[in-house]
Each structure stands twice: as C-alpha cells, then as structure tokens.
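The values are calculated or read from the model by the stated rules, or taken from the named source; none is laboratory data. Given the structure is predicted, the values throughout are model-derived calculations rather than measurements. Here Cβ is always computed from backbone atoms with ideal geometry, including for glycine, and neighbour counts include all displayed protein chains.
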Amino acid sequence: MMLGRFRLGRRVFTGRVEDGEVLALTGRLARRRFALEELEPLPPCTPQKILGVGLNYAAHAEELGMALPEEPVIFMKPASALLAHRRSIILWKEAGRVEYEGELAVVIGKRCRKVSPAEAPEHVLGYTCFNDVTARRLQAKDGQWTRAKSFDTFAPIGPFIATRDEVGDVQNLRLRTYLNSELRQDSSTSDMIFSVAELVSFISGIMTLFRGDVIATGTPPGVGEMRAGDVVSVEISDIGRLVNPVSDSERKEINMMRNR
C-alpha cells in the first residue's frame, strides 16, 4: 500500500494512493476518491522527531577516507525542517554552501523501546525517500551537525510511504539521486554498514520511537552542492521519486509557511 497526506482546501487527510487516484482514509472526506492532481501533497507523516544516521554506506566512508564506524553515528533534525514533494528547498543566506544527500527513510508504525533487530521490522510502517539537506560549511565550522541540518525546508520527504508489504528486500533497493536530471548518486541499500533493523534497534535502545517518527538511514557517495534553479530528485526502487526545486527566494517561502 502507498500512503500519503494531502490537503484539499482547508481539509487535511491521509489517503491510499493507487493508479493516479487517492482514497481518503481519514477525516470528513473518508471513503471519497480524488484524482491525485487535485490534491496538494504534504509530508507523508507527522514525526515527533527525525533521526539521521551519518556515514552508513561503506563506499561513502571510502570516498571520504574514513574508517567504518563501530556503531551508528546518529543526529537529529527538527520536524520544522520537513518539506513536501514538489515544494522548494530554500537556500537561506545564513546557510552558505548547501548540499543534497539522498537517503532511504524509515517511518515508524508503532511505539518501540529497546527492541531487538529481529523485532524491529514489526515496528516499521514503511519507507519513503528523504533528502538530508546540509549546510556543509556550517557543519565543518560547528564540529557538530545541528545547525547545518536544521534550517526550514532541509528535510524533504515523500512523496508517499510504501508500506512494508510493498517493499521487497529493504536491504537490496537501488537508490539514485539526480541533480537537474544528471545522475549524481547511484547505490544500493546493500552497501549500508548498519541495516534498517539494526538502526531501529540501536536507536530504540536510546530513546522511545513513536508512530510517525522518521529515521533517515544515511547517504551513499556522490553528495554535492545545490544552487538556486536546480531540481533535486531522490529515487528509490519499490518506493518512489521525491522531487524538489531549489530556490533562494526566502520571502516567498516565509509567506507560504505563515499560511500553513
């Protein structure tokens, strides 16, 4: 099943996506069908928190000349950074150089705390595409990653959640990132150092994960700079394609946020 969140006028609802149509599952519009193009896509989940994983692809560690980590390196992004499919990534003037990082994201389906890797899949709702947008110079300057990864619009996600039954082997998915239709990242989740199940287990051993929480599982080699006018696409087999233009028009985005 493919699940998304949508807005129609003032109404927001979760719907099942199939063959270009959306069946509303929640709210006053439940059981009504809509053409996909009638609706405004929203981020497909509403997480309390977004967890990121650094250096989780072996080839990326090799690219950077770094040793493989002995345990997952995790960080957090605020939910306020979420951005829907087709919405613009903003190059805020304070951010400096901004780079894309195409990733597989895990969406938690039910509360979990201290689950084993074997138990972890039971707590996963599904998977979606993610772009861990990063202000690279600020990351290097600060020596930690919060500021560099937390600007509004720096967590594009979607367009939909592919539930676990829709996805084959989550550790054998092709992940590709395009910049203006040019392929920049091309890898497989089989290159992950820590699997999805290991990540859910490890993070749940530190903090309780709730339904809707997101784990971005790391990026493969090929990250690079984005500039105003670019379009970035993250595509994952069995899951979908997340597309976001890049803009330096802060005023337009601020006005849109005020109207949410």
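Quick check on region 3-26. Is at least one of its residues touching a Lys or Arg at 6+ places or on another chain (Cβ under 7 Å), outside the structural domain of Leu138 (by TED's automatic domain parsing), buried (at least 19 other Cβ atoms within 10 Å of the Cβ) and assigned to a loop (DSSP other than H, G, I, E, B)?
no
Out of (1) surrounded by 18 or more Cβ atoms within 10 Å (Cβ to Cβ); (2) farther than 30 Å from Arg111 by Cα, the odd one out for Cys45 is which?
(2)
Got at least one residue in region 72-90 being of a type in the set (D, E, K, R) and more than 19 Å from Asn131 (Cα to Cα)?
Within region 72-90, none of the residues are of a type in the set (D, E, K, R) and more than 19 Å from Asn131 (Cα to Cα).
Among residues belonging to region 142-190 that are small (Gly, Ala, Ser) and in a helix (DSSP H, G or I), point out the one that is farthest from Arg86 (Cα to Cα). Explain how you work it out, then say what you get.
Step one: filter region 142-190 for residues small (Gly, Ala, Ser), giving 143, 148, 150, 155, 158, 162, 168, 181, 187-188, 190.
Now restrict to residues that are in a helix (DSSP H, G or I): 148, 190.
Working: Ala148: 22, Ser190: 28 Å.
Restricting to residues being small (Gly, Ala, Ser) and in a helix (DSSP H, G or I), the top hit is Ser190.
Within region 155-170, which residues are more than 17 Å from the chain's Cα centre (by Cα) and closer than 18 Å to Pro220 by Cβ?
Asp169
If you go through region 80-100 one residue at a time, do you hit one that is closer than 22 Å to Thr208 by Cβ, in a loop (DSSP other than H, G, I, E, B) and not acidic (Asp, Glu)?
Within region 80-100, the first condition is being closer than 22 Å to Thr208 by Cβ, and the residues that meet it are 80-82.
Still in the running and in a loop (DSSP other than H, G, I, E, B): none.
Looking through region 80-100, none of the residues is closer than 22 Å to Thr208 by Cβ, in a loop (DSSP other than H, G, I, E, B) and not acidic (Asp, Glu).
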